[in-house]
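The values are calculated or read from the model by the stated rules, or taken from the named source; none is laboratory data. Computed from a predicted model, the values in this text were never measured in an experiment. Positions of Cβ are generated from backbone atoms using ideal geometry, with glycine treated the same way; all protein chains shown enter the neighbour counts. Note: accessible area is taken over every heavy atom of the protein model, side chains too, but ligands, DNA and RNA are not part of it. Shrake-Rupley method; radii C 1.70, N 1.55, O 1.52, S 1.80 Å.
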Amino acid sequence: MPIAPLQFTHLNGLLLFTTAFIAGGLNAVAGGGSFISFPTLIFTGVSPIVANATNNTALWVASLASAGAYRRELDVERRTMLILSIVSLVGGLLGSILLLYTSGDVFKKLIPYLLLLGTIVFIFGESFKQWLQSLNRLDSSKSPRLIYLVITQLVVAIYGGFFGAGIGILMLASLTFFNIKNIHAMNALKTWLATCINGIAIVPFLFAGIIAWHQAILMAVGGAIGGYVMANFSRQIPSQIIRRFISIVAISMTTYFFIHG
């Protein structure tokens, strides 16, 4: 299902580059960049499914840079990391294939609900994670079975390959519950697994020809620069302020698509 050439103006290019810069920076600090970059692609005339594939491709480049920065903190048992990586690849592939078999009209109708789900996860994810941590402390005598983490990661990966907003929060919550307690190790593993999910999702998109390459390349550059810059200055900005900003954007975008979707 190759896509037709899209009208690409200098104004659209500037808007997409700026948006990707901001999204890459937000993802480097707190996540939620897709709440800005994905709607912007649609606003500039890209169809929803193509916008989703293009956004995934562009922000994957930025996530690669983040994964590289976290490599020293990736202090996780190799067997666990290997299993979760394979599960993430399988789930991401399944989710992206599912997207290709979803009609444009159906996906367009799903967008408000997908954004709503991502918004809820982002806003309440921290509280959910703290609740899971409290359960984990109360039940610390029991070692959770890896199979539960595998099933959870598979579901998250399928969702990530299909749409993806909020997968970082979901993974942090599940990793907290399953005795991976070091926040740096969790962030490193979460970033690596997200890179696996988004990276493998690109493969079916490539074969289907649904990536808008002009937009993807421009946004990849903007996202990578934004991620690099924000990674260096993130300590100077309170994360709570960033999360509030993303929450406002997420609620606004969700409301807009429910009204005009």
Scan region 96-105 residue by residue and report those that are among the hydrophobic types (A, V, I, L, M, F, W, C) and open to solvent by 70 Å² or more (accessible area, probe 1.4 Å).
-> 98
Index of the failed condition, residue 76 passing every other in (1) at pLDDT below 85; (2) open to solvent by less than 70 Å² (accessible area, probe 1.4 Å); (3) of a type in the set (A, V, I, L, M); (4) in a helix (DSSP H, G or I) = (4)
Test each condition in (1) open to solvent by 30 Å² or more (accessible area, probe 1.4 Å); (2) modelled with pLDDT under 90 for residue 119 and report the one that comes out false.
-> (1)
Please verify whether region 138-151 includes one or more residues that are within 25 Å of residue 39 (Cβ to Cβ), open to solvent by less than 10 Å² (accessible area, probe 1.4 Å) and at pLDDT 75 or above.
-> no
Would you please name the residue that is modelled with the lowest pLDDT, looking only at residues in region 37-65 that are surrounded by fewer than 24 Cβ atoms within 10 Å (Cβ to Cβ) and among the small types (Gly, Ala, Ser)?
-> 65
Do you know which of the residues in region 222-235 that are open to solvent by 70 Å² or more (accessible area, probe 1.4 Å) and in contact with a helix residue (DSSP H, G or I) (Cβ under 8 Å, 6 or more places away or on another chain) is modelled with the lowest pLDDT?
-> 228
Please identify the pairs in which a residue from region 189-214 that is open to solvent by 20 Å² or more (accessible area, probe 1.4 Å) has its Cβ atom under 8 Å from the Cβ atom of a residue that is not in a helix (DSSP H, G or I) and not small (Gly, Ala, Ser), counting only partners at least 6 apart or on another chain.
-> 192/70; 192/74; 209/1; 209/2; 209/3; 214/6; 214/8
